[in-house]
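Notes to accompany the following structure.
Since every read-out is calculated from the coordinates, none of them should be taken as a lab result. If you're wondering where the values come from, they're calculated on a predicted model, not measured in any experiment.
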Amino acid sequence: MATAGKVIKCKAAVAWEPNKPLVIEEIEVAPPQANEIRIKVVATGVCHTDLYHLFEGMHKDGFPAVLGHEGAGIVESVGPGVTEFQPGDKVIPLFISQCGECRFCKSPKTNQCEKGWASDRADVMAAVDSRFTCKGKKVLQFMGTSTFSEYTVIDQISVAKIDPAAPLDKVCLLGCGICTGYGAAVNTAKVEPGSTCAVFGLGAVGLAAVMGCKAAGAKRIIAVDINPEKYEKAKVFGATDFVNPKDHSKPISEVLSEMTDGGVDYSLECVGNVEVMRSALESCVKGWGVSVIVGWTELEDFSARPVQLIAGRTWKGSVFGGFKGRDAVLQMVKDYLDKKVMVDEFITHNMTLDQVNDAIELMKHGKCIRTVLTVSPQ
């Protein structure tokens with residue numbers, strides 16, 4: 001492309017400081033360096049993790065930054081050493097890298113990787129280096145992706161090349177929320193056919209977990225949320241029961257235990273709240289119950305009584321659904337095109353990058369499942 005090797009000036013939503021609205025700015029995006037790819041971002045979802053960084057985590061070293069990590073786009077140019085990608089490829093940026101060479105990447109037991117932004121600055125949620133500048137200042141790249149920008153530069157180990165037939169304004173959601181929930185059920189919990197499951201929290205991640213439980217053959221899937229308006233949506237993805245903790249005077253774990261003769265086989269916490277994490281654990285049946293922490297938070301410790309684990313329950317955590325990104329996202333896109341997984345059904349609103357603060361408000365107040373922002377025209 002004519003822009004290859006040159007600095008690109010483009011539009012981005014910049015978070016200058018925590019707990020403040022994003023500002024649409026003109027930023028400069030440097031050309032890709034060795035093993036990097038510059039991507040024209042076409043569409044991005046707005047995920048709760050963006051809000052977590054802005055309103056909850058608020059790490060002093062994490063600003064200014066361009067947020068966004070659930071995107072899809074087209075390769076604009078590649079840096080030296082890049083052979084797997086070329087301009088025009090459709091891609092999904094990944095916040096979990098897959099270098100293919102470290103001990104984690106070589107193990108089938110995990111999707112962790114020793115490289116990428118998370119290797120030494122997970123709490124800041126951004127690497128020290130960045131290809132962004134704005135008004136003469138360096139702007140950080142959020143979670144190694146920064147999809148709230150018309151262009152971004154990403155290490156090739158954090159990019160998945162996908163089927164050119166895939167609609168980018170849909171499959172962008174496979175960059176985080178859907179894979180996170182779906183994989184937590186299928187890969188981390190390893191839900192078995194005929195089992196009983198409970199999913200806590202019915203945002204996009206929770207609904208994807210419901211979908212994963214159904215795909216794994218669960219016979220009963222109990223959706224737990226304090227917003228009754230989400231039940232009809234949960235049924236679309238496979239929920240069989242709905243429980244609102246506000247409707248009961250006793251702890252939700254006792255309610256679920258009574259409903260299921262001692263507790264569910266699997267529970268998935270998709271909120272990012274330490275009290276809900278404990279409730280999800282306590283909702284599991286003793287002996288073999290498995291509870292998976294899916295919601296993201298680093299603000300508080302969680303606790304449990306030792307006997308809850310001594311009695312045979314397993315407490316696990318899951319990031320990006322246990323999926324090895326570069327391999328699995330390609331397959332998830334294929335499964336979507338083959339109508340094996342739902343994606344379109346998660347999208348409740350479509351907006352433009354200029355409306356990013358409106359999209360954030362919708363999510364903050366539980367008024368959407370996923371808003372997809374059009375970032376650049378294809």
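Relative contact order, percent, of the range 190-317 when contacts are C-alpha pairs under 8 Å separated by at least 6 residues?
22
How many percent of DSSP beta bridges within the chain run antiparallel, rounded to 5?
Percentage antiparallel, nearest 5: 55.
Where Rh denotes the Kirkwood radius from the mean inverse Cα pair distance, what is Rg over Rh for the range 251-305?
Values: Rg = 11.0 Å, Rh = 11.2 Å.
Radius of gyration relative to Kirkwood radius: 0.98.
What are the membrane-span-like helices in the chain by this rule: whole DSSP H runs, Cα extent along the axis at least 15 Å, mean Kyte-Doolittle hydropathy at least 1.0?
Span-like helices here: 204-215.
What are the principal axis extents of the Cα atoms in the range 286-378, in Å, biggest first?
55, 34, 21
Could you work out the helix-only [θ] at 222 nm for the chain, with each DSSP H run of four or more residues adding -39,500 (n - 2.57) and the total divided by the number of residues, to the nearest 500 deg cm²/dmol?
Using -39500 (n - 2.57) per qualifying helix, the result is -5500 deg cm²/dmol.
Quick one: compute a quarter of the convex hull surface over the Cα atoms of the range 190-317 and quote it in nm².
About 7.1 nm², averaged over all directions.
How large is log10 of I(q)/I(0) for the chain at q = 0.06, 0.09, 0.14 Å⁻¹ when the intensity is taken from the Debye formula with one equal scatterer per alpha-carbon?
-0.22, -0.49, -1.15
Can you tell me the relative contact order of the range 1-55? Whole percent, Cα pairs under 8 Å, sequence separation 6 or more. Don't skip to the end; give the middle numbers.
Details: 52 pairs, mean separation 18.8, N = 55.
It comes to 34 percent, rounded to a whole number.
Based on alpha-carbon atoms only, what is the radius of gyration of the range 2-156 relative to the globular estimate 2.2 N^0.38 Å?
Here the answer is 1.00, to two decimals.
Could you work out the relative contact order of the chain? I mean the mean sequence separation of Cα pairs under 8 Å and 6+ apart, divided by the number of residues, in percent.
18
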